[in-house]
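We did not get these values from a lab; they are worked out from the coordinates using the rules stated. This is a predicted model, so every value here is computed, not measured. Please note: Cβ atoms are built from the backbone with ideal geometry, for glycine as well, and neighbour counts cover all protein chains shown.
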Amino acid sequence: MSSLNASLSSALSGLIAEQGALEATTNNVANVNTPGYSREQPVLVASDPVVLDPLTFGTGVTLQSVESIRDPILESQIQQQTQGQGQFSALASALQQTQGNFTTSSSDVGTEISNFFDSINQLSTNPSDVSLRQGVLTAAGNLATSFNTTANNLTQQQSSLDLSVVQTVGQINQLTAQIAQLNGQIGNLQNVGENAGTFVDQRQQAIDQLSSLVDVSVIPTDNTLTLTTANGAPLVAGQQSFQLQTQTSPLGLHDVYSQRNDITSQITSGQLGGTLQARDQEIPAIQTQLDTLAAGLANSVNAVQAGGFDLKGNAGTNLFNPPPVGITGAAASLSVAITDPSLIAASSDGSAGSNGNAEAMYALNSQPVINGQNPTDYYSGIVFNVGNDVANASAEQSASALILQQLNDQRSSVSGVSLDEEAANMVKYQDAYAASAQVITTINDMMYTVVNMSTLTG
Amino acid sequence: MRVNPDPYPDLLAAVATTQQRINTDEEEIASGQSVNVPSDNPAAAAVLVQDAGQTSQADQFQRSIGSVQGEMQNADSALDSVTTALQQAITLGVEGANGTVNSADRAALTTQVQGIQSQLLSLANLTYQGNYVFAGTATQTAPYVLDPSSPSGVTYAGNSGVNSVTLGNEFSLQTNLPGSQLFSASGTDMFQSLQNLINGLESGTGIGTAVTELGNSLNSIDTQRVFYGNALNQLNTQQTYLSSETTQLAQQQTTVGGADLTAVISNLTSSQASLQATLEAIGQTAQIDLFDYLK
């Protein structure tokens, strides 16, 4: 048998539920601009009915939960793409700095190579002239300085990238600690059946940030998350975070350690991956090419010197100090070995007026003395490589930015707050609330009728 | 499908991209170059490095040609004076060979020929920018010194070395003739012929032979002087070639690395229009949602 009281309680449940639903809307509207916020949706369910044979009566509505709307697959794609984006933007910005050294100027290595050979050609027209000899020494000095400056700039850039490695590791540790803490808070709420949506959003936001720094794998476990690097070094397990460490390598650069294992070479993605790629691969590759050029030039010029005679008729000695064996550091250490211009071995027959050896030295300009290429061609190859690396990294960065933008659009279309939708919901909940209130008023009237019945009879 | 309710990130990304394009275009217009850093066009950047190297080389060849020209013109005009002096000596010799001249006349002629000898000595010891031009490669010491003990009256202290200078790609030019070949070749030795004439004028015999010898020496020098004439011609030709090469290199530089200003400016204009449109779109999207219509 139904009763007015039962109806009243049903109507009341409507009031409460719609009010709760309106709260979700209010929260959505309030967070319309909160980054990473996922819109909440109230889950309304009909309360369990009461069965009074042969009739079944509904007992109203319950606000079962408030659900945050998100797409886990999309989230994981976004993480992936964020890693790539972090990697390529770190790489592109590092290499963009590098290519400044290889932009044509009045003192880049290419220009100084030309100047050096030009000075030898001039000397060849009057080999006994001391001022022309001085011109060759000056040009050789400028060439060495240009190599030194370029090599030092590269080393300096490597050091600043190294500093950035240390800083990035610090940021990673902060984020993993934060995620571990959020894992705890989420677990606590979920254990008592509460909606942890806001914390989940914050954690997602932190994981996105972490993804831009390093290659993260997310492994969801019961009520919590485990994070590792793509190669399995642990970052977060439940409420515990595992700090990454840095340690100075024999090269004076910082290696990244996880649980006492050197994982530097395994980090391939995220800002840390990009920075390490620039620091450990791209810049050293350019340094090696520069060293090859410097050592090749110095050795071939010295060899020609040794085959000729100086102004006094003595056998020629080194013009450049011999580059280190194994060429590493040749560009940084290239220097002129002589200060006396008469020591340039321009002569091929021992007479002061002979230019035969100056001609031989000039000919190096067009001979395949550097890995099968002439010096200028080899240098133009370096310029091409550097430019190409920057162009590729920038293109990858733009491409991944575009994909990331599309993914974020998709995420926003799933999880973003639409004010139109919220306004419509608000109207809907408000109407339902008003209707429930109207029902209560009506029941109240009916109650009144019932209560006054006794007065009539009495 | 639910529509993305937040268009701003896309719009802002579009603004950033357009702004980036505008910056690049403005940089191109300001520098006149489409390749400002290697990554703008790596292949073009490499070509420009080689182009700059070749341009620098061509400019240097022009300067070197200037130096070589100076020396060779001096040598050539010295040889002109040498031939004039030799012709004079021949004239004096012919005069001395005439049976009507007496010993006093011959002594006077001898003095004149001796004057020519010292003139030739000085011409053969010509210096240009501190170098003895006819000394082979031993340019720091005078190649000819007076030496009464020598049959020719002089000794040659130079060597037979020659220099060649690279003055173009695949172009190298010999820049000197040593005195040993030019003046003192056996059989046409200019100083020997002259000494023979002096001896003849002094003794009164063998003057005719000496005159013939002088004629041979003169011919030899005239023939060899062609070397300098040819070289100077070649230098002129090479100068012309190099300046056209420089022009070509400059053209290549513009083709490869120059900004196509018409295209860039037109791009810039359309980028600016697109930026403006995007910004207007942002301004308009902003305002409306359902809340505005609820009373």
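If you take the square roots of the eigenvalues of the alpha-carbon gyration tensor of the range B:7-137 and sort them as a ≥ b ≥ c, do you get rounded (a/c under 1.5), prolate (a/b over b/c) or oblate? Don't jump to the answer; show the numbers that get you there.
Details: a/c = 8.29, a/b = 7.17, b/c = 1.16.
It is prolate, given that a/c is not under 1.5 and a/b is the larger ratio.
Given the Cα atoms of chain A, and with Rh set as the inverse mean 1/r over their pairs in the Kirkwood sense, what is Rg to Rh to two decimals?
Numbers: Rg = 38.1 Å, Rh = 28.4 Å.
Value, to two decimals: 1.34.
Helix-derived [θ] at 222 nm for chain B: sum -39500 (n - 2.57) over DSSP H runs of at least 4, divide by residue count, nearest 500?
Details: 7 runs with 198 residues, N = 295.
Rounded to the nearest 500, the figure is -24000 deg cm²/dmol.
Would you calculate the separation in nanometres between label points at B:Gln87 and A:Ala363, each defined as 7 Å from the Cα along the Cα-to-beta-carbon direction?
4.2 nm
Determine the percent antiparallel among the DSSP beta bridges restricted to the protein assembly as shown, to the nearest 5. Show your work: numbers first, answer last.
Details: 41 of 41 bridges.
Looking only at bridges with both residues in the protein assembly as shown, the antiparallel portion is about 100 percent.
How big is the range B:59-251 by Rg and Dmax over its Cα atoms, in Å?
Rg, Dmax (Cα atoms, Å): 19.8, 75.
So for the range A:77-405, averaging the separation of alpha carbon pairs under 8 Å that are six or more residues apart and normalising by length, what relative contact order in percent results?
Numbers: 589 pairs, mean separation 85.7, N = 329.
Dividing the mean separation by the residue count of the range A:77-405 yields 26 percent.
How high is the relative contact order of the range B:59-251? Use alpha-carbon pairs under 8 Å, at least six apart in sequence, and give a whole percent.
Numbers: 273 pairs, mean separation 48.4, N = 193.
Computed value for the range B:59-251: 25 percent relative contact order.
When you have a sec, figure out the Kirkwood radius of the range A:1-143 from all distinct Cα pair distances and drop it here in Å to one decimal? Provide the component values of the computation, followed by the final result.
On the way: mean 1/r = 0.0426 Å⁻¹.
One over the average 1/r among Cα pairs gives 23.5 Å for the range A:1-143.
Let me have the relative contact order for the range A:320-458, percent, based on Cα pairs under 8 Å that are six or more residues apart.
On the way: 46 pairs, mean separation 10.1, N = 139.
Contact order relative to length: 7 percent.
Note down the nm distance, to one decimal, between modelled labels 7 Å out along Cα→Cβ at B:Asp289 and at B:Leu11.
Inter-label distance under the simple model: 1.3 nm.
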